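Throughout, read-outs are computed from the coordinates displayed, never taken from laboratory work. Everything numeric in this text was worked out from a predicted model, so none of it was measured. Every residue, glycine among them, receives a Cβ derived from its backbone with ideal geometry; neighbour counts consider all protein chains shown.
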Amino acid sequence: MLALNEPETSAQAAVGSSTRGLRLALRLFALRSLAGTRILRCVNKGLVLELAGAFLRLGCVSFGGPIAHLGYLRSEFVERRKWLDDAHFADLVALCQFLPGPASSQLVFALGMQRAGLLGALVASLCFTLPSALLMLGFAFGLAHTPDLAAAGWLHGLKLAAVAVVAQAVWGLGKKLCQGRARASLCLASAALLLTVPGVVTQLAVIALGGLVGFVRFRDTVELSSQAAASPRRSLAATAALLTFLGLLIALPALATATGSREVAYFDSFYRSGSLVFGGGHVVLPLLRAELVPRGWLSDDQFLAGYAAAQALPGPMFAFSAYLGAAMKPGPASWLNGLWCLLGLFLPGWLLIAGALPFWQRLRSLRWAQATLSGANAAVVGVLLAALYNPIVSESVRGPHDVGAALLAFALLEIWKAPPWLVVAASAAAGQWLLGG
C-alpha cells in the first residue's frame, strides 16, 4: 500500500508546489497592480490639488475683467508653470473666442481639462469662480446698498493693475506669435479694424480673416504641432457634450412652460443667456436684464446695484448670476437659488468647450489647420491690443499720474518679474492712498 501511494503523493506534492507558485505569482501581480493603481491615484490627486490651489489663488486676485484674466492665466501657466507654450495658449484663446460663453472661464475649463481631465476642468472652474460667487452672494444679503464703488480709490488702482496685466500679455504674445512682417502686419491691421469698427461681429470676422490669411500665406512654412489626436473615447464624450448642450437649449423652454416651475424658468433664462452671448461677460448683462427685469423677478435698481458691485470683484463676470439668483428669491435659502442660477449660466459654456476641445486638438495636427491657426493667433493678439486701448486704457487712465502708475506696474511685472497678485495689491493700495481715486 505504501509503495502504491508513493507516486500519488509525489504528484500531489508537485501539484501543490505549482499551485503555491501560481498563488505567489498572482499575489505579486495583484500587489504590483494595486501599487500602480495607488501611485496613479496619488498622481491624479496631486494634479487636482495643484489645479485647485493655482485657480483658487487666481480667482482671488484676477481683477480687471475677461481680457485681464487672459493675462493672468498666461502669466501663471505659460510663463511660471510652463504647462503649455504661447502657441498652444493662443490656440485655446482663439477657440474660446469663437464659442458662445465667457471666454476666460472657458479657457480655465480647457486648461483644467488638458491638465487633469474632466475632474480637473471642474475643479479649476469651481476654484476660479468660487471667490467672486461667494462675494456676490454676500452682496445679495445686503452689501448691494454700500456707497458708489465707482468712486473708490482702491478700485481705480485695480483698474490700473489691469492695464499693466493686459499690456504684458499683449507684449509677450506679440513677441512669440507675431514674428515677421506678415504676422505683425496682420496683428496691427486687426487691432486697427477693431478700433475703427468695434463689436463682437467685427471681432469674430477679424479672427476668421486672420485664419484665411494664415492658410494662404503660411501653409507651406508652418511647423506641425506634436499634439496628439483625440482618442475615440474622448471624441464620443465630446459628441455627447455637444448633444447635451443642444438638447437642453431646446428642451428647457418647453419644460418650463409645461411644469410652470419658477426654478426651471430661472434655469432656462440663465442657460439661454449663457448659450447666446459672444464677446465676454459684459455682453451677457443686457440679455440677463431682458430676461429678468420685464418679468418682475428683479427691479432695475437691484440689477444695476449688483452690476456695480461686480466691477470691484475678481474672477469671472458671470459670477454676477449668483447675486441675481439670490436676490430673486430672498430668504434663508436664497444662496441655493444663487448657485442654481450660477450653474445655469456657466453650464452651456462648459459643455461647448468640452465638446469642441478634442476635435480642436485633432485639427492642430494638420498642416493646413496649423497655418490657419498661425494667422488666427496673430489676429487674436490684435484683438487683445485693441482691447488694451478700449476698454482697458480708455476707462482706467485719467491723466499723467495714472500713466506713470500703469508703467510702474508693467515694469514690476515684465522686468522685475513680480507676482501678479503682489502688483494687484500694491496698485489697490496706491489707488486708495496715493492716487486719490
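For the reader, a short list of remarks on this structure follows.
- Measuring how big the stretch 104-145 is from its alpha-carbon positions, Rg and Dmax come out at 13.2, 41 Å.
- Sorted peptide list for 61-70, 124-133, 259-268, criterion being average Cβ within 10 angstrom, highest first: 61-70, 124-133, 259-268
- Summary value for the stretch 89-208: 15 percent relative contact order, contacts being C-alpha pairs under 8 angstrom separated by 6+ residues.
- Taking Cβ atoms as reference points and 15 Å as the exclusive limit, the residues near E395 contribute a net charge of +1, counting Lys and Arg as +1 and Asp and Glu as -1.
- Shape category assigned to the stretch 328-437 from the gyration tensor of Cα positions, a/c cut at 1.5: oblate
- Among 318-330, 409-421, the peptide with the highest mean count of other Cβ atoms within 10 Å heads the list, and the full ranking is 318-330, 409-421.
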